[in-house]
Structures are given as structure tokens and as C-alpha cells.
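Notes to accompany the following structure.
The values are calculated or read from the model by the stated rules, or taken from the named source; none is laboratory data. Owing to the predicted nature of the structure, the values given are computational and were not obtained by experimental measurement. Counting neighbours? That spans all protein chains shown, and the Cβs are built from the backbone with ideal geometry, glycine included.
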Amino acid sequence: MKVRKFIKTTLIYTLLIIISIITVFPLLWGIVSSLRPDEELFKYIMPFSAKTFIPQKLTFNSYIRLFTEFNFLRPIIVTLTVTIFTLVFGCTVNGIAAFSFATFNFRYKRVIYTIVLLSFMIPFEAIAMPLFNVVNQFGWVDTLHGIIIPCIADGLMLFLFTQFFREIPVSLIEAARVDGANWMTVYIKIIMPSSVPVFVTAGLMTFTNQWNSYMWPLLVARSRNMQMIQIAISSFRGERNTLWACLYAGAMISAIIPLFLFLPFQKNFVQGMISSGVKG
């Protein structure tokens with residue numbers, strides 16, 4: 001019995017180690033590659049040896065070039081600005097809309113909610129050009145609000161908020177209304193404090209989507225000053241020449257910033273995804 005348990009535990013841990021190695025390998029390869037000069041990058045790939053992972057000439061030149069030669073700080077600032085504003089306004093607009101769907105009864109409520117649910121099932125590529133035409137008519141091309149405003153309303157985020165708010169006990173809302181609280185007070189002082197996990201979940205989803213956004217910024221942000229981080233990284237790969245070390249360095253910076261944001265809130269993120277709201 002003990003031998004069987006030992007074998008089972010060994011197999012499980014071996015499988016977990018293999019999965020961990022497969023998961024971490026791309027990140028480790030990216031870090032190592034960003035610390036190598038371009039001429040050494042693919043020199044030791046074959047045959048496979050320790051030199052494949054250990055830089056023979058350790059250099060931070062690719063990171064230095066990012067911020068001195070290519071002004072990589074600008075795309076980071078633009079991307080942070082876009083993600084923060086989209087996060088704040090997205091949670092505000094979708095949260096209030098979800099509160100209306102979860103709390104009030106009004107005409108065509110189910111029809112409107114169904115249309116909202118269908119909206120996030122449509123691939124963005126299918127609406128990219130019509131949306132671009134609308135933004136172009138407003139004169140928002142190559143502007144921050146042209147990138148931000150179309151991304152504020154989000155069907156998936158509204159769905160998450162609505163499902164969460166529906167599980168909040170009606171007695172809490174009724175008690176606040178009896179005490180004379182208006183609906184905005186109910187939302188700010190009752191709903192929001194009870195919904196921290198779903199706000200964290202929606203915020204992290206919005207941040208990740210905007211941080212990794214490529215197609216929409218590519219269409220709207222035309223000038224170099226308005227480039228977001230993913231577009232800036234792709235510019236290192238040209239038709240005849242690719243700056244591989246700089247590309248890896250930019251990718252590592254792009255991956256590490258959301259990682260440090262996600263780790264402190266991962267517990268709230270998971271709770272917001274699996275919980276149904278306040279029980280009582």
C-alpha cells in the first residue's frame with residue numbers, strides 16, 4: 001500500500017515538474033536571449049548543450065538600446081495610460097449598467113441583455129473596420145480617446161458584474177432604501193464594497209486585454225508617438241532584418257509588468273471568477 005502511494009506521488013510530482021518546465025521554458029529562453037548579442041543568439045541552438053541556455057557573452061545592450069535608441073519608454077507610458085483609463089471607465093460604466101440589469105425591471109430588459117451577451121461572442125476582426133470608420137468620422141484616429149473609448153463598453157465584463165450583483169441579498173438593498181439612501185448611494189456603499197473580487201477580476205481582464213492589444217492600436221494609432229507596446233515590439237522585426245535581442249528584451253518587459261500586477265491580486269481574481277456573490 002505504501003509502495004503504491006509512493007509511486008503515485010512520484011508520478012504526480014514528476015508530471016507537475018515536466019508541466020512547470022514546459023510552462024517556464026519560453027520565459028527563461030526569452031530572458032536568456034535578451035541578454036545575448038544578436039550574433040550569438042542562434043549560434044548554440046544546435047547541437048543542444050549548456051551553451052544553449054548560458055550566454056557566453058552576457059550583455060544588457062539590448063535593454064539599453066530600447067530606451068536610448070528606440071525610446072521604448074514612450075510606448076510603455078502610452079500603454080499604461082490607455083489601460084488605466086480603460087480600466088477605470090470600463091469598470092464604472094459596465095458596473096453601473098450591470099447594476100441596472102440586476103436590480104431594475106424595465107421594458108425589453110431581456111432583449112437588450114441578450115444583445116449584450118451576443119456582442120462579446122462576435123470576433124473583434126468582424127467589427128474592426130466598421131468601428132474604425134466610426135472613429136475616423138469622429139476625427140479620433142491617432143488619439144488616445146480613439147483607442148480608449150471604443151474599448152470601454154465590454155459585454156463580457158457586464159456579464160460578470162450582472163451575475164455577481166444578482167447574488168447580493170436583496171434585503172441589503174431594501175434596508176438601505178428604507179433608511180433613505182438613493183440608488184447611487186446604494187451602489188457606492190452597498191454594492192461596491194460587497195463586490196471587490198469581481199471588480200478586481202474585471203480590472204485585471206481589462207488591463208491584460210489592453211496591454212496585449214495589437215489589432216486595434218495598429219489601426220488607430222498611426223504615429224510613432226501613439227504606438228502601444230505590442231506595436232513597438234513588432235517594429236523590431238523588419239522585412240530584411242530583425243533585431244532579435246531587442247525584440248526579446250521588449251517582450252520580457254511587456255510580460256513582466258502585467259505579471260507583477262497580477263500576482264498580488266491572483267486570489268481576488270480566482271475568487272471573482274468562481275464565486276457567485278455575497279451569501280446570506
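Key figures
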read-out	value
Residue satisfying all of: in the range 118-128; surrounded by 10 or more Cβ atoms within 10 Å (Cβ to Cβ) and without any contact (Cβ under 8 Å) to a residue 60 or more places away in the chain; nearest to Met215 (Cα to Cα) among these	Ile127
Cross-chain or 6+ apart pairs with Cβ under 8 Å, the range 35-59 first and among the basic types (Lys, Arg), then at pLDDT below 75	Lys51/Tyr44
So Ile12, is it within 30 Å of Ala232 (Cβ to Cβ) and free of Cβ contacts under 8 Å to residues at least 60 places away in the same chain	no
Sole exception among (1) part of a loop (DSSP other than H, G, I, E, B); (2) at pLDDT 85 or above for Val278, by number	(2)
Residue list for the range 77-122, restricted to those being hydroxyl-bearing (Ser, Thr, Tyr) and assigned to a helix (DSSP H, G or I)	Thr79, Thr81, Thr83, Thr86, Thr92, Ser100, Thr103, Tyr113, Thr114, Ser119
Unique match (being over 30 Å from Cys151 (Cα atoms) and modelled with pLDDT of 90 or more) among Tyr44, Tyr63	Tyr63
Flag for Ala232 being in the same structural domain as Val135 (by TED's automatic domain parsing), in contact (Cβ under 8 Å) with a residue 12 or more places away in the chain, surrounded by fewer than 17 Cβ atoms within 10 Å (Cβ to Cβ) and small (Gly, Ala, Ser)	no
The range 144-179 - residue that is touching a helix residue (DSSP H, G or I) at 6+ places or on another chain (Cβ under 8 Å) and not in a helix (DSSP H, G or I) and, of those, surrounded by the fewest Cβ atoms within 10 Å (Cβ to Cβ)	Ala153
Qualifying positions in the range 6-24 - among the polar types (S, T, N, Q) and more than 31 Å from the chain's Cα centre (by Cα)	Thr9, Thr10, Thr14
All positions within the range 19-51 that are more than 17 Å from Ile64 (Cβ to Cβ) and not in a helix (DSSP H, G or I)	Phe42, Lys43, Tyr44, Ile45, Met46, Pro47, Phe48, Ser49
Qualifying position, being closer than 21 Å to Tyr248 by Cβ and in the same structural domain as Asn241 (by TED's automatic domain parsing), among Pro75, Pro37	Pro75
From the options Ile84, Ile127, Ile77, Ile147, residue that is within 17 Å of the chain's Cα centre (by Cα) and within 16 Å of Leu219 (Cα to Cα)	Ile147
Near pairs, Cβ below 8 angstrom, 6+ apart or cross-chain, from the range 242-269 (within 14 Å of Ile229 (Cβ to Cβ)) to any residue that is modelled with pLDDT under 75 and not in a helix (DSSP H, G or I)	none
Answer from Ser213, Ser254 - the residue that is at pLDDT 90 or above, more than 30 Å from Glu167 (Cα to Cα) and not in a helix (DSSP H, G or I)	Ser213
Residue match in the range 106-113 (condition: surrounded by 15 or more Cβ atoms within 10 Å (Cβ to Cβ), over 21 Å from the mean Cα position of the chain (by Cα) and of a type in the set (Val, Ile, Thr))	no
Within the range 78-137, tally of residues that are closer than 29 Å to Pro169 by Cβ and not hydroxyl-bearing (Ser, Thr, Tyr)	26
Residues being within 14 Å of Pro75 (Cα to Cα), in contact with a Phe, Trp or Tyr (Cβ under 9 Å, 6 or more places away or on another chain) and aliphatic (A, V, I, L, M) - total across the range 211-232	4
